[in-house]
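The values are calculated or read from the model by the stated rules, or taken from the named source; none is laboratory data. Nothing here was measured: the structure is a model prediction, and the numbers come from that model. Reconstructed Cβ throughout: ideal geometry from the backbone, glycine too, with neighbour counts over all protein chains shown. Ligands, DNA and RNA are stripped out before the accessible areas are found, and what is left, the full protein with its side chains, is counted by its heavy atoms. Shrake-Rupley method; radii C 1.70, N 1.55, O 1.52, S 1.80 Å.
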Amino acid sequence: MELTSPFTLEYAYKRSLGPVLSRFFTALRDGRLEGVRTATGRVLFPPLEYDPDTGEDVGEPVEVGPGGVVTAWTAAPPPGEAWVLVRLDGADTAMLHRFTGDPASLETGLRVTARLAEQRVGFITDIAGFEVEA
Amino acid sequence: MRPVYVAGFAELPHLLQDNLLDEPEMVQRVTAAALADAGLGRDDVGFTCSGSNDYVMGRPFSFATALDGLGAWPPIRESHVEMDGAWALYEAWVRLQHGDVDVALAYGFGKSSLGSVEAVRTLELDPYSLAPLGIGPLPLAALQARALLDAGLATEADFAAVVERSRRDGNRNHTAPMTEAMSAAHALTLPYISSPLRGHDGPVRTDGAAAIVLSTEPVGPRIAGISHCIDAHQPGFRDLTVSRSIATAAAAAGGTSGVDVVELHVEYSSQEGIVLRALGLDSSVSVSPSGGALVANTPMVAGLCRIGHAANAVRGGAKRALAHATSGPLLQHNLICILEPA
């Protein structure tokens, strides 16, 4: 005999986003991709509250993309998922996201562009994925 | 620093599915075995630290439940890290530096079979920009493997060679599960799961527990150096082909000169070369003679086992053995422990 019971694995609390990420997600909801500039002049995207190299606070927002270049990729055999690391134009770091174009076209160095979701709510999935730049 | 020695080590067999033992029973057996290996009793232990993960075990405060297996009465001095047991050992080592306690016990336990370790790993990612995407650990590792191929630092044949050697060595280690022998040539004919990685490039996930007894008496291999360092969490913020944190931790632990055996916490075959290069070593040293974490990957235990197997290597005649443990995505956080004869 097998006994089963429903169980939901979840955090039982909520956290506010804080000033840096709130700004990022608000801009994303409004259709803008905004990184942040560190004290050393690097542009982090997606933004972080601190410079990972120094621990210093980050500065002003910097608009990046929506185009960028694939720095690494992986694809499962069709119809599986494809993932890319993309360094957006104007950014010094890469973001991870889904690649929603034809996986056969994937190669490192490929020019891609962010495709925004039509209904945006201030979540990372407001970027629906990346596709080959026209 | 106060010298600290590995007095005893024990691990339960890493099973694909352990239907027999619950957490207290695993902890009872493995800590009793490690203390027996050290020739010490429960009452000799001045500090105890454990490593486990509630998400893996599927319930909150599972480490507190597991304490029943220790017989923690009368009350003991005890701590816990939500990390691999290697970091519990690090806390125990720090605690011994205080000078008022002479014996410490570190253990870790975990069961892959209770749920999906893959799903837990996804939830461990940055909750804002990574976890909601739902990428699993193998596609994530595949991005790192791709970066290695693109940089000309590795080939898919290199990944396959690690699999062949790990399975061969693991099948000689009675605590690792038996795996199908896999020649590198055959491995390369199998389909990608997420290119350029194939299914066997990832870990064999297991259930189990391990424990190490540390002592300030010179009764076993001496911890010549131990340190840990962490890189940025975001994969896109780092050069994925190198590990600055491993190199920094190894230097802080005294450097790798003279190391003849390494036990590496490599979860994907593609990562072994990164770890070795960061250590300034190559395959001329004995690499993970236990078969390593690729063939016996018990969550929160695999790193502690590397230290235990490195200690066993010193007991068996190695002059300077290095153990590596890792935590977080793509070798984000790394611990290096160097062991020498007492």
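How many of the residues making up the range A:81-103 are open to solvent by 30 Å² or more (accessible area, probe 1.4 Å) and either in contact with a helix residue (DSSP H, G or I) (Cβ under 8 Å, 6 or more places away or on another chain) or more than 11 Å from every other protein chain (Cβ to nearest Cβ) (or both)?
7
Do we have any residue at all in the range A:121-128 that's closer than 30 Å to B:Glu156 by Cβ and not in a loop (DSSP other than H, G, I, E, B)?
Checking the range A:121-128: not a single residue is closer than 30 Å to B:Glu156 by Cβ and not in a loop (DSSP other than H, G, I, E, B).
For residues that are under 18 Å from B:Asp84 (Cβ atoms), open to solvent by 20 Å² or more (accessible area, probe 1.4 Å) and of a type in the set (Gly, Ala, Ser), tally how many sit in the range B:308-331.
2
Can you list the helices (runs of 4 or more DSSP H) lying wholly within the range B:70-150 that have 1 or more residues being within 14 Å of chain A (Cβ to nearest Cβ)?
B:117-123, B:137-150
In the range A:10-47, what residues are in contact with an Asp or Glu (Cβ under 9 Å, 6 or more places away or on another chain), in a loop (DSSP other than H, G, I, E, B) and either closer than 24 Å to B:Arg238 by Cα or free of Cβ contacts under 8 Å to residues at least 24 places away in the same chain (or both)?
Correct list: A:Leu33, A:Thr38, A:Ala39, A:Thr40, A:Gly41, A:Arg42, A:Phe45, A:Pro46, A:Pro47.
Taking the range A:15-39 as the search range and keeping residues that are within 11 Å of chain B (Cβ to nearest Cβ) and out of contact with any Leu (no Cβ under 9 Å at 6 or more places or on another chain), which one is most open to solvent (accessible area, probe 1.4 Å)?
The qualifying residue most open to solvent (accessible area, probe 1.4 Å) is A:Arg15.
Within the range A:50-72, is even one residue open to solvent by 30 Å² or more (accessible area, probe 1.4 Å), of a type in the set (Ser, Thr, Tyr) and in contact with a helix residue (DSSP H, G or I) (Cβ under 8 Å, 6 or more places away or on another chain)?
Checked against the condition, which is being open to solvent by 30 Å² or more (accessible area, probe 1.4 Å), of a type in the set (Ser, Thr, Tyr) and in contact with a helix residue (DSSP H, G or I) (Cβ under 8 Å, 6 or more places away or on another chain), the range A:50-72 yields at least one hit.
Based on this model, can you work out whether B:Asp201 counts as of a type in the set (Asp, Glu), farther than 20 Å from B:Gly328 by Cα and at pLDDT 95 or above?
In short, no.
I'd like the residue in the range A:48-87 that is assigned to a loop (DSSP other than H, G, I, E, B), of a type in the set (Val, Ile, Thr) and in contact with a Ser or Thr (Cβ under 9 Å, 6 or more places away or on another chain) and, out of all such residues, is modelled with the lowest pLDDT.
A:Thr54
Which count do you get for residues in the range B:33-58 that are at pLDDT below 95 and aromatic (Phe, Trp, Tyr)?
1
Identify all residues within the range B:73-90 that are surrounded by 19 or more Cβ atoms within 10 Å (Cβ to Cβ) and either charged (D, E, K, R) or more than 22 Å from B:Ser215 (Cβ to Cβ) (or both); write none if there are none.
B:Met83, B:Asp84 - these are the residues of the range B:73-90 that are surrounded by 19 or more Cβ atoms within 10 Å (Cβ to Cβ) and either charged (D, E, K, R) or more than 22 Å from B:Ser215 (Cβ to Cβ) (or both).
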